[in-house]
Amino acid sequence: MKIYDCYLCQMFMEKLMIYITKDGGEMEHIYPAFERGRIMKKELLWALRDYSYSALQLQYQNYPRGIISGCKIRIEDNVLCIAPGIIKCQDFIFLFTEESRVSYTPTEDYISLKFRVEGKEVLTDYISYKTTFILDEHLECEPNEIEICRFKLKEGAKLRTEYKDFYDIQTEYDTVNLANATWSAAGQNTLSKEVTDYFAGKILECERVENSDLQFAYFLLQSREAIHYDVLTDYIARKTGEDRNKFVSTLEVFCQLEEILNGIRKGTGTRKLRETGATNRMIIWD
C-alpha cells in the first residue's frame, strides 16, 4: 500500500481521502496538493469528482429518507423560505446550498410543505434528478416525498415560526408545525432536530430539574444531527414507565415530551417511576 501525502489544510488531511485504486489487493491513496501554480491532472479531477459524489452517499447509506440537516423555515410576506440543508430521498443525498422559496395562501385545512423527487434520468455522462418543494393537501408522503412542515392558516392571519412554548409547535392554526416533519437518523426516522433543541432549551429554563434531565438536554443541544429515535423513546420510557415500543410515530414522541416537560415544571417529572418502584438513575452521555 502506497500513500502519497502532500501539503493540505488540517481539515482535508483528517477527512479527505479522495482517490482509491485497487490492483491485485494493493490500494493507492492520493491527497491532491491545492497550491497556487500547480496544475490539477485529469486523474485528480476524476478523484475529486468521485469523492464529492460518493462521500455523502456512503456516510448516510443506512439513513432512511428524510431531512438530515438544515432546511429551517422562515416566513417572508406570503413566502415559505427553506434554508439550505441535506435531504435523503430515493436513496440519494441531495445537498442544497441556497435558500428555496415557496409561495402560500390561507387555507382552512392542513397543507403539507414537501420535498419531492419528480423524476430521474440516467444519461451517458450523468444522472439527472428533477426535484421541487411543493405544497400538497395530501398529508401522507409517497416514497418520492418527505414532509418539511405543515400548517393550517386562517384568512387574514399571519403564519408564524416563533413559538410561545413547546406545546405551541402543535398549535392548529397559523403555526408552522414541525411535529410530523420527516427527519432522518441512523436506521430510522426521528423527531425534528429543531423540535428537540427547543425541548432542551425549555428544560434548561426550569428551576427544579433532575440531573438526568439536564444531561439529556445537554446531549440534545450538542448533537450535530437529529437524535436517534431509540434514544428519544428510551428517555421517555425511563421517565414515564411506559413501554418504549409503544411509541410508533414522531407525533406520539412529541406529545410525550410535552407531558414530561410539564411534569418537570410541576416537580412531578419522575412520578410514574416512583410509583413503579424504579430507582432514580443519572443518564451520562459520553
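Remarks
- Residue count for region 69-86, restricted to those that are farther than 17 Å from THR132 by Cα and either at pLDDT below 95 or under 13 Å from the mean Cα position of the chain (by Cα) (or both): 4
- Options CYS89, CYS141; residue that is within 28 Å of CYS255 (Cα to Cα), surrounded by 15 or more Cβ atoms within 10 Å (Cβ to Cβ) and either in contact with a Gly (Cβ under 9 Å, 6 or more places away or on another chain) or at pLDDT below 90 (or both): CYS89
- Which listed residue is surrounded by fewer than 15 Cβ atoms within 10 Å (Cβ to Cβ) and at pLDDT 95 or above, from ASP109, ASP136, ASP165, ASP125: ASP165
- Test result for ARG49, at pLDDT 65 or above, in the same structural domain as ALA185 (by TED's automatic domain parsing) and not in a loop (DSSP other than H, G, I, E, B): no
- Hey, ILE86 of a type in the set (A, V, I, L, M), without any contact (Cβ under 8 Å) to a residue 60 or more places away in the chain and touching a Phe, Trp or Tyr at 6+ places or on another chain (Cβ under 9 Å) or not: yes
- Matching residues, region 168-192, being among the polar types (S, T, N, Q), buried (at least 19 other Cβ atoms within 10 Å of the Cβ) and more than 20 Å from GLN61 (Cα to Cα): THR175, ASN177, ASN180
- Of all residues making up region 159-182, the number that are closer than 15 Å to ILE111 by Cα and either touching a strand residue (DSSP E or B) at 6+ places or on another chain (Cβ under 7 Å) or in contact (Cβ under 8 Å) with a residue 24 or more places away in the chain (or both): 14
- Checking LYS114, LYS152, LYS130 one by one, the residue that is farther than 26 Å from SER69 by Cβ and part of a strand (DSSP E or B) is LYS152 and no other.
- Listed by first and then second residue, the pairs linking a residue in region 183-195 that is touching a residue at least 60 places away in the same chain (Cβ under 8 Å) to a residue that is aromatic (Phe, Trp, Tyr) and not in a loop (DSSP other than H, G, I, E, B), with Cβ atoms under 6 Å apart and 6 or more places separating them unless they lie on different chains, are GLN188/TYR229; THR190/TRP183; THR190/TYR229; SER192/TRP183.
The values are calculated or read from the model by the stated rules, or taken from the named source; none is laboratory data. Keep in mind it's a predicted model, so treat the numbers as computed, not measured. When we count neighbours, we look across all protein chains shown, and the Cβ atoms used for this are built from the backbone with ideal geometry, even at glycine.
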